[in-house]
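Written out below as structure tokens is the structure these notes cover.
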Amino acid sequence: MVTVASLARQLGANYTGDGNIELASIATLQNAGEGCLSFLASSQYRRYLATTNASAVILGDRDAANCPVTAIVCENPYSAYADAARLFEQQPQWQQGVHPSVIVDPLVGIDSGCSIGANTVIEGDVRIGKNTRLGVGCFIGSGVSIGQNCILNAGVTVLTGAIGDRVVIKSGAVIGSDGFGFVRLDDGWKTVPQLGSVIIGNDVSIGANSTIDRGAIDPTLIGDGVKIDNQVQIAHNVVIGEHTVIAGCVGISGSAIIGAYCQLAGGVGIVGHLEIADHVTITGMSMVTHSIKRAGIYSSGTPIMPNTLWRKTAVRLKHLDKYFRSIAKEGKVKGTM
Amino acid sequence: MVTVASLARQLGANYTGDGNIELASIATLQNAGEGCLSFLASSQYRRYLATTNASAVILGDRDAANCPVTAIVCENPYSAYADAARLFEQQPQWQQGVHPSVIVDPLVGIDSGCSIGANTVIEGDVRIGKNTRLGVGCFIGSGVSIGQNCILNAGVTVLTGAIGDRVVIKSGAVIGSDGFGFVRLDDGWKTVPQLGSVIIGNDVSIGANSTIDRGAIDPTLIGDGVKIDNQVQIAHNVVIGEHTVIAGCVGISGSAIIGAYCQLAGGVGIVGHLEIADHVTITGMSMVTHSIKRAGIYSSGTPIMPNTLWRKTAVRLKHLDKYFRSIAKEGKVKGTM
Amino acid sequence: MVTVASLARQLGANYTGDGNIELASIATLQNAGEGCLSFLASSQYRRYLATTNASAVILGDRDAANCPVTAIVCENPYSAYADAARLFEQQPQWQQGVHPSVIVDPLVGIDSGCSIGANTVIEGDVRIGKNTRLGVGCFIGSGVSIGQNCILNAGVTVLTGAIGDRVVIKSGAVIGSDGFGFVRLDDGWKTVPQLGSVIIGNDVSIGANSTIDRGAIDPTLIGDGVKIDNQVQIAHNVVIGEHTVIAGCVGISGSAIIGAYCQLAGGVGIVGHLEIADHVTITGMSMVTHSIKRAGIYSSGTPIMPNTLWRKTAVRLKHLDKYFRSIAKEGKVKGTM
């Protein structure tokens, strides 16, 4: 429970209307009721403002006049909402200390303020920084270091690696598993030992069931502030520049180097041993087969269409080269053909 | 062991031949031997009927005359087979009750007939309905509710959410992890607290290592009867209509609304904040970038071809717009160019 | 610590220079320092040879003359490197025997030399061969058999199946979960019991968070020497021929038959009920919708391009069939139109 006036003060925002209104929970504009705080941060939702039953709405200057209820006005409403939501968040139960069921090697160093969930197993020579919280059933392998104020949810596996401060790793993620390295022999494949580490910077977030392999020799590197969604696969010796965002189901092959402040949309695939510049955005499900040297937005793939049309199009695609060769012979197409 | 006559009675089917034959196991037509029950439900396998060594075959009316052995004749042979197979299924060992190694908060309510596997951890305020079975090493977070007759296999993580009756969740699935929400700031990204739940209807199936995130504010919703295969990623605030089927490796971005009775084939990607009508089928690996308002089958992607041809085609594709622009200038293509 | 002379002897290699040099660790050519062993196995890295500070370099005959430091010369430098790296690998802590926290059914047979990690649970009728090592928190379901000299890392789930010798399964992998089988009914879907097994040959490697489902009736089959990367989904009744390599994020639908010595690059999708010949390579993110009967390299997908061009190209693709129909009418394109 927080009053409008108090919340506005905490957000560094102005407000119009009654500052004594008490806010008990958060809701979307369309679903909010009495006592709810809501927000307007995208034009897409502007249509719900006039009829909202929220008790107060966080919004920008341009929408304040049209707000039918108490308005909390600030420059970046989405950022202010994020701060406000933090107040209403029900934190999971982190009991301070090490649960009695935890199995810890005597050589582990756990700093003050940590919480280690039930059934978690921590091998030797592990270092865990202040106030870091490990959920239930995690496994932290020999020699791993984890910084301060990290959160590892239930069921995280860190086999090898050095993890920075304020890192969040979600359930089912596997960090530091052996990379996929084999030598081709005449009659099969020989495994190449994977000796490298995984180094994860500060303020990184890693999604549920994502995998980040250890390097073959040099480490796999995840820069500060990188945000990785669920089910992302990052192979050995990949380098991700700081503050790059990687959406769900992306796969990045070995030794690819991704710049800083990039955005990889869902399902993107990156071939190994290439380089992507800073500030590159790749749209959903695109396949990157060569280096990208300039900032910008890049895409591959074909548009969704009715299957009957797609079948005809697919046939045309199979003959595309032949068609154009035929047209070119007749001199009908100019240029680089 | 069941006799043909008894099985036919249980399936509501007729049979031809000897009703006293005893059936000990299930096998495919081509691999069946003495004592085996088999079935024919797809024309693809009809060629194996004449030479099968099964002792009895479940099949439809049109195939009965050609069955060289005892025929169990019914309208929907695949459905009847599913029922018959249930009789031969070796259920995993579910020992009733709570394994002594389980760590349960005293505030947890577990109804009668439940089975809770070894090393499972259940936090406070959890409610688990009658006859529900949790495998080994599951984690059920604070406040989660699970209905009756559910099966959660070994290693399932439910961080938050309300799960209906008769829901099956396979190993490694993560339900209710925080959605991927960040506010862009000048120098990086700020995490947006994820406050919403995950609501999963009745008769839902969720595959191994699939992930379903909790909503940002409103819940993520999975309708009754939805079937989700392995390694599917469902982002925050996605809504899936009832009885929709989602094959392996599908990724659905945040706030996408999928209709009822849809079928998403393997590897499909759905962009966020769009809407797909009921009864829409999307073929494998298609990318859906805009709303689909009518029932039907939709596709994207290009056909598989020899790599040498594909390389030429890829070059043509890069110049496709230019080619057609050039052709259009010469007045050779009519229509919407 | 190993001397050059001793290492060369172990590798069956010749060396030039001082055989008494001691090698303490492995590093890449560009990062190596005093006491480091390095290697040159790809022309891409040749530029680093002249300036390397390594104490010795494994390389091929053609590079020996240009090696500024002690050269260890052999026919297949990458293979020799793999053997050398084995000497420097820090093996994870495998404590022999069964950790006291392990929960094992009395009917389990565990051969000599095994190591079973903390909190692992093993159900009845399981057989585990000599010198096999199971990591922390694994689950091995009733009736599973695992061969000799296998390594299952922390958090592996094997629900059903028979696993050969020298198999490596990485963290979070789920083997033998029920396949995705449902019968369409008028008002939804009925589950088809999954009765088949998973049979995994010798020398197989399975990546982190990969899933291999059990068969519906006949087993799912993974041939000897198959190497599977992270986050790969293999559906029920898939058959993978020996020594085939499957990169990350590949999805293979039910009953697909993949030949021997194939290579599926990252993100490839294979439709069900088709057959791929031996020695077929599929390039990254391709979708295989029909059988491939001849060895060779195959591809689908479109090249990455700037988004502005891609948008224009996507529009052209939507009209591709119409354009060519229009051109054909005017007699401008010859051939199969």
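Quick note: the coordinates plus some simple rules give every number you see, no bench work behind them. Not measured: the values here are computed from a predicted model. Neighbour counts run over all protein chains shown; Cβ positions are idealised from the backbone, glycine included.
Under the rule that an exposed site lies in a DSSP loop and has at most 15 other Cβ atoms within 10 Å, name the longest stretch of chain A with no GluC sites (Glu not before Pro) of that kind, not counting the sites themselves.
Working: sites that count: A:34, A:75, A:89, A:330.
Formally, the longest exposed-site-free interval is A:90-329.
Looking only at other chains, what is the average number of their beta-carbon atoms within 10 angstrom of each beta-carbon in A:217-227? Before the final figure, lay out the partial values.
Details: counts 13, 4, 0, 0, 0, 0, 0, 1, 5, 2, 6.
For peptide A:217-227, the averaged partner shielding equals 3.
For peptide A:36-43, how many partner chain Cβ atoms fall within 10 Å of a residue's Cβ, on average? Each step should come with its number before you reach the end.
Working: counts 1, 0, 1, 1, 0, 2, 1, 0.
Mean shielding count: 1.
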When you look at the Cβ of every residue in C:279-289, what mean number of other chain Cβ atoms sits within 10 Å? 6
Under 22 Å from the Cα of residue C:170 - lysines, other chains or at least 8 residues apart: A:170, A:190, B:170, C:130, C:227
Between residue C:330 and residue B:94, what is the label-to-label distance in nm when each label sits 7 Å out along the Cα-to-Cβ direction? 6.9
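List, in the order given, every pair from A:312/B:312; B:318/C:329; A:318/B:318 whose Cα-Cα distance in the structure shown is over 18 Å.
Numbers: A:312/B:312 20 Å; B:318/C:329 25 Å; A:318/B:318 15 Å.
Violating the 18 Å limit, Cα to Cα: A:312/B:312; B:318/C:329.
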Taking placed amide H atoms and a strict 5 Å upper bound, the residues 5 or more places from residue B:185 or on another chain that come that close are B:190
Below 16 Å, Cα to Cα, which aspartates and glutamates can residue C:293 reach? Residues fewer than 8 away in the same chain don't count. C:275, C:278
Karplus-derived 3J(HN,Hα) from phi for segment A:64-79 (6.51 cos²θ - 1.76 cosθ + 1.60, θ = phi - 60°), whole Hz, x at Gly and Pro, runs 4, 5, 8, 7, x, 10, 4, 10, 10, 9, 8, 6, 10, x, 5, 5
For all pairs of alpha-carbon atoms in chain B, what percent lies in each bin of width 10 Å, listed from the first bin to the last filled one? 6, 19, 20, 23, 18, 9, 4, 1, 0
Compute from the Cα atoms of segment A:221-337 the Rg and the Dmax, the latter being the longest Cα-Cα distance, and quote both in angstrom. 18.0, 57
Quick check: from the Cα gyration tensor, does segment B:111-181 come out rounded (a/c under 1.5), prolate or oblate? prolate
Protection proxy ranking, peptides C:315-323, B:279-287, average beta carbon neighbours within 10 Å, highest first: B:279-287, C:315-323
For segment C:47-92, treating each Cα as an identical point scatterer without solvent, what Debye log10 I(q)/I(0) comes out at q = 0.17, 0.19, 0.30 1/Å? -0.51, -0.61, -1.11
Can you give me the long-range amide H partners of residue A:26? Hydrogens built in the peptide plane at 1.01 Å from N, cutoff under 5 Å, separation of 5 or more residues or another chain. A:37
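Say R0 is 45 Å: what FRET efficiency, to the nearest 0.05, do residue B:3 and residue C:291 get from their beta-carbon distance?
Numbers: r = 41 Å, r/R0 = 0.91.
The calculated FRET efficiency here is 0.65.
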With Rh as the Kirkwood radius over Cα pairs, the protein assembly as shown has Rg/Rh of 0.98
Per-residue Cβ contact counts at 10 Å, fewest first, order A:274, A:37 as A:274, A:37
Considering amide H positions built from the backbone, and no H for Pro or chain starts, which residues 5 or more places from residue A:258, or on another chain, come under 5 Å of its amide H? A:239, A:240, A:241, A:276
Least to most buried among C:290, C:99, by other C-beta atoms within 10 Å and fewest first, runs C:290, C:99
Karplus (6.51, -1.76, 1.60) ³J(HN,Hα), θ = phi - 60°, over segment A:261-277, in Hz, Gly and Pro reported as x: 6, 8, 10, 9, 6, x, x, 5, x, 10, 5, x, 6, 10, 9, 10, 5
Would you mind telling me which residue in B:257, B:217, B:110 has the biggest mean-square fluctuation in a Gaussian network model of chain B, where springs connect alpha carbons within a distance under 10 angstrom? B:217
For segment B:187-199, Karplus couplings with θ = phi - 60° (6.51, -1.76, 1.60), whole Hz, Gly/Pro x: 10, x, 9, 9, 6, 9, x, 9, 9, x, 10, 10, 10
